[in-house]
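Rule-based calculations on the coordinates, nothing more; no lab input. Bear in mind that the values here come from a model prediction, so they are computed numbers and not experimental data. No Cβ is skipped: glycine too gets one built from the backbone with ideal geometry, and neighbour counts run over all protein chains shown.
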Amino acid sequence: MQRKGIVLSGLTKTILPVSILVFLLACVSVSPADEGDSYSQNVEKMGEGLTTLDCARCHYEIFMSIKNGQGAHRIECRECHETFHSFQHGLRYEDVLPKCMTCHDTPHGESEQMTACKTCHTVPHAPLASLELKTLEPFCADCHVDPGARIAAGRVDHARLKCILCHSDKHGYVPTCQECHGTPHSEELTEGFTGCLDCHGNPHDLSLATD
């Protein structure tokens, strides 16, 4: 009859590498039932009241968006989420979500479009970091009323450009004229001027000083 397994007492007759011996002893000490049975493990009861780090263990991606967003929302989760993990009958998901206006009031006005915060701030946990120029571009003139009106009434090439062509790096980026135009005038001509706008006025309509 063929013998199964390994008789450990036989190791005294056979010299095995130490690493193999350690492996065999580990196999003997671990029960297959324990290895696959979560309820055979010891756990510690979580303390009362979930902390931000407790939330992060399940909501990892949200935690990282706040951490990497470097914005003012780097606060404890429960400062905004007062109601959560509730299965109360009739309670809708949107009812337990914190509302932006609870803390921020209406910074962009009270119109329906300006209170639809997620239209522009696509990730509420990192609202500034989530501003994307292509998403913002259709609404630039709604917030930047004067530049929008000047562009719309302009008579030169700037009137035909999208805002994000010049304000291209990120929201709030202000380019220099030289980024597109280089140095179109000689040093002799520009001597005595502080910059392009001394003559060209507002960059959004480029009205000459003589207009």
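Within segment 67-149, report the chymotrypsin sites (Phe, Trp or Tyr not before Pro) that DSSP leaves as loop and that have at most 12 other Cβ atoms within 10 Å.
Numbers: sites: PHE84, PHE87, TYR93, PHE139; in loops: PHE84, PHE87.
Listed in order of number, the matching sites are PHE87.
At a 10 Å Cβ-Cβ cut-off, how would you order VAL123, VAL145, VAL43, VAL96, fewest neighbours first?
Details: VAL123 18, VAL145 10, VAL43 7, VAL96 14.
So the ranking, lowest neighbour count to highest, is VAL43, VAL145, VAL96, VAL123.
Output ³J(HN,Hα) for segment 135-140: one whole-Hz value per residue in order, computed from phi by the Karplus curve 6.51 cos²θ - 1.76 cosθ + 1.60 with θ = phi - 60°, and x for Gly and Pro.
Calculated HN-Hα couplings, in order: 6, 6, 3, x, 10, 4 Hz.
Along the charge dipole of segment 49-160, which of ALA126, LEU91, SER111 sits closest to the positive end, that is, farthest toward it, with unit charges on the beta carbon of Lys, Arg, Asp and Glu (+1, +1, -1, -1)?
About the Cα centre, the residue reaching furthest to the positive side is ALA126.
Please list, by residue number, everything in segment 133-170 whose backbone N is under 18 Å from a paramagnetic label point 7 Å out along Cα→Cβ of HIS200.
Correct set: 147-148, 150-169.
Report the GluC sites (Glu not before Pro) located in segment 78-107 that are in a DSSP loop and have at most 15 other Cβ atoms inside 10 Å of their Cβ, or state none.
Working: sites: GLU79, GLU82, GLU94; in loops: GLU82.
Here the GluC sites (Glu not before Pro) that fit, given the DSSP loop and packing criteria, are GLU82.
Please enumerate, by chain and number, the aspartates and glutamates with C-alpha under 13 Å from the C-alpha of LYS118, excluding those fewer than 8 residues away in the same chain.
GLU132
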